[in-house]
Amino acid sequence: MTAQPAELQPPAVKILIVDDERAICDYMQTLLERDGYAVKTLSDPTTIEDEVRSGDYHLIVLDLMMPKLDGIEALRRIRKIDTDVAVVIFTGFPNLETAVASMKLEAVDYIKKPFNVDEFREVLGRVMRKKGLARTPEEQLHRVIGDNIRNLRKEKDLTLKQMARRTNLSVSLISQIERAESSASISSLYKIATALDSRIKDLFGEF
């Protein structure tokens, strides 16, 4: 079998699971590693600061109720070290106060345990897209096209509204294509390329 070109390989996404229940850590690690993520678990939340400093994680899944250090305080400590890492809070005891506190500390989601596996995968997929971490070659292609369209548009000093007028596509659709949140049809790509005075293949760059 021919190896996939390096530029098409999905990036290694590193996830840290923080939960004082060893069984939960093991289950989450098995689930996520099966989906192709690089996973580490932490059952002692008091060591989270050192782990975040050295781990270079893309995502942290953080339990809310832990005896040595609660999830909100753990998240507060994480944010002092890393303001960009995505954090998902999960808890068996959801309430409005902790949900609001989580969002103020920029948690990307707040999930009730026990969670539905498919719903959890959807959350992870949304986080990966938001952070620009494509999980498949197809998603990688969408991101390359989106980045190239945005760069060409800015080179020509065109706003999204001007692009919409030139292409007869909605501002929302063009914005979604640029952010790799929507795949563009060949017809849409042709209109966009024409509006940018480019060829369709220019939108694909070196892909």
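Structural remarks
- Per-residue SASA remark: residue 189, around 10 Å² accessible (1.4 Å probe; ligands, DNA and RNA not included).
- Residues with amide H under 5 Å from that of residue 113, placed H, sequence gap 5 or more: 91, 92, 93
- HN-Hα J in Hz across the range 179-195 - Karplus 6.51, -1.76, 1.60, θ = phi - 60°, x for Gly and Pro: 8, 6, 9, 8, 7, 8, 6, 4, 4, 5, 4, 4, 4, 5, 4, 4, 5
- The range 137-207 - percent of accessible surface contributed by carbon and sulfur, probe 1.4 Å: 45
- Ordered by 1.4 Å accessible area with all protein chains kept, 191, 112, 161, 130 run largest first as 130, 161, 112, 191.
- Using the Karplus relation 6.51 cos²θ - 1.76 cosθ + 1.60 with θ = phi - 60°, the per-residue 3J(HN,Hα) values for the range 46-58 come to 5, 9, 5, 5, 5, 5, 5, 4, 9, x, 6, 7, 8 Hz, with x marking Gly and Pro.
- Each helix, a run of at least 4 DSSP H residues, gives -39500 (n - 2.57); summed and divided by the residues of the chain, these come to -15000 deg cm²/dmol at 222 nm.
- Amide hydrogen neighbours beyond the local backbone of residue 41, cut-off 5 Å, H modeled: 17
- Karplus 3J(HN,Hα) series, Hz, for the range 112-117 with 6.51 cos²θ - 1.76 cosθ + 1.60 (x for Gly, Pro): 7, 8, x, 9, 7, 4
- Separation of alpha-carbon centers, the range 156-181 and the range 34-52, rounded to whole Å: 39
- Folded to 0 to 90 degrees: helix 22-34 orientation relative to the chain principal axis, Cα: 20
- Modelled spin-label separation between residue 93 and residue 176, with each label point placed 7 Å from Cα along the Cα-to-Cβ direction: 4.1 nm.
- Which label in (i) 20.3, 61; (ii) 24.0, 92; (iii) 16.7, 53 gives the computed Rg and Dmax of the Cα atoms in Å: (i)
- Computed E for residue 201/residue 126 - FRET, C-beta separation, R0 35 angstrom, nearest 0.05: 0.70
- Assuming charge only on the beta carbon of Lys and Arg (+1) and of Asp and Glu (-1), the dipole of the chain about its Cα centre is about 1040 debye to the nearest 20.
The values are calculated or read from the model by the stated rules, or taken from the named source; none is laboratory data. Since the model is a prediction, treat every value here as computed from it, not as a measurement. Counting neighbours? That spans all protein chains shown, and the Cβs are built from the backbone with ideal geometry, glycine included. For the accessible areas, the whole protein counts, side chains as well, though only heavy atoms, and no ligand, DNA or RNA atoms are used. Shrake-Rupley method; radii C 1.70, N 1.55, O 1.52, S 1.80 Å.
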